[in-house]
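Beneath this line is the structure, given in structure tokens, with notes to follow.
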Ligand code: C2E
Ligand code: MG
Ligand code: MG
Ligand code: MG
């Protein structure tokens, strides 16, 4: 009996695995077309000054408008893009599109501040990242200082000569460097000294727990202190409640980002949000 059960389980597991494999192979093939067919879109999430509420930047977050599956989020396809090597092409498109969009907003008098773009660890292994970055800046005419590259600690953990050189060059160009999900990686703090990023983004897990967990509050205050001491700006990610916002303001965090302020928004929605915010500001 146990044997039959085992076999049934095995074949269930087996078909489940097959199904998943099939599904991801299919997605991988479709991803190759998605870029050329214009199925990728960027949503933008505002980052605001913790004290004045002024919008200081927007972060570009990629989505895939899949023809049959609907809107897919990065968690559903970035991994695949990395495994299949499509991430490089996706990254080129993302940088170009984000810079183009910022130039368009500037030309129309819509002031979103800087543009922040996520770049994955794999892209940092290829020196062509610099070429596509400079091409995106040149094509759009935006200044290097208006662009911020968000890298995760995984880039720094897997630090290679190539990634070091790319980061060094970004600094020379004046492109901003932000460490994303700060505090969740396993790398040492030595890279802060070596690479001198411009910004730390406190991971949303610490921000989320700040309401209930005094250790998380201590970590947030610690990161703010560290950032201040090193002359870096500090952004809190994942601000979802007014209580979290109040705590972060008290802690001296410079910039806030999260659903409480705004969700990642499609272009039109972001423009509407900006207009509404402006109207409110001028009304008082
Ligand atoms: P991330 O860069 O740390 O971005 C923050 C993520 O948290 C985003 O998820 C955002 O929608 C979400 N978020 C923002 N505010 C809140 C909040 O208040 N509460 C909660 N629970 N979540 C919030 P998203 O858009 O699904 O992106 C996930 C990750 O995918 C990003 O994490 C980033 O690492 C990666 N990613 C996104 N776009 C790109 C891209 O264009 N290129 C690359 N290489 N990676 C990207
Ligand atoms: Mg990010
Ligand atoms: Mg993050
Ligand atoms: Mg992240």
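Every number here is computed from the coordinates shown, using simple stated rules; none is lab data. On a predicted model such as this, the values are computed, not experimentally measured, just so you know. All Cβ positions, glycine included, derive from the backbone under ideal geometry; neighbour counts span all protein chains shown.
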By how many degrees, between 0 and 90 and to the nearest 10, does the Cα long axis of helix 87-107 differ from the longest principal axis of the chain?
30
Given R₀ = 41 Å, FRET efficiency for residue 21-residue 281 by Cβ-Cβ distance, to 0.05?
0.20
Assuming 0.36 nm per residue, please report the length gained on full extension of the stretch residue 229 to residue 138 beyond their Cα-Cα distance.
29.3 nm
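Given the DSSP H assignment, sum -39500 (n - 2.57) over each helix run of at least 4 residues in the chain and divide by its residue total; what's the result at 222 nm in deg cm²/dmol, nearest 500?
-17500 deg cm²/dmol
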Sequence ranges 159-170, 256-267, ranked by mean other-Cβ count within 10 angstrom, highest first
256-267, 159-170
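By per-residue mean of other Cβ atoms within 10 Å, what is the highest-first order of 148-156, 109-117, 136-144?
The peptides rank, most packed first, as 148-156, 109-117, 136-144.
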Coarse-grained scattering of the chain at q = 0.08, 0.09, 0.10 Å⁻¹, given as base-10 log I(q)/I(0) from a Debye sum over alpha-carbon atoms:
-0.39, -0.48, -0.59
Please give, to one decimal in nm, the separation of the simple spin-label points placed at residue 184 and residue 269, each 7 Å out from Cα toward the Cβ.
2.1
Rounded to the nearest 0.05, what FRET efficiency do residue 28 and residue 160 have when you use their Cβ-Cβ distance and R0 = 25 Å?
0.45
Cut-off is 10 Å between beta-carbons; in what order do 64, 93 appear when sorted fewest neighbours first?
93, 64
Applying the gyration tensor rule to the Cα atoms of segment 106-217 (axes a ≥ b ≥ c; rounded if a/c under 1.5, else prolate if a/b exceeds b/c, else oblate), the class is oblate
Residue 107 paired with residue 246, simple spin-label distance in nm, labels 7 Å along Cα-to-beta-carbon
4.5
To the nearest Å, what is the center-to-center distance of segment 202-244 and segment 74-105, using C-alpha atoms only?
28
Between segment 47-65 and segment 128-165, what is the C-alpha centre distance in whole Å?
19
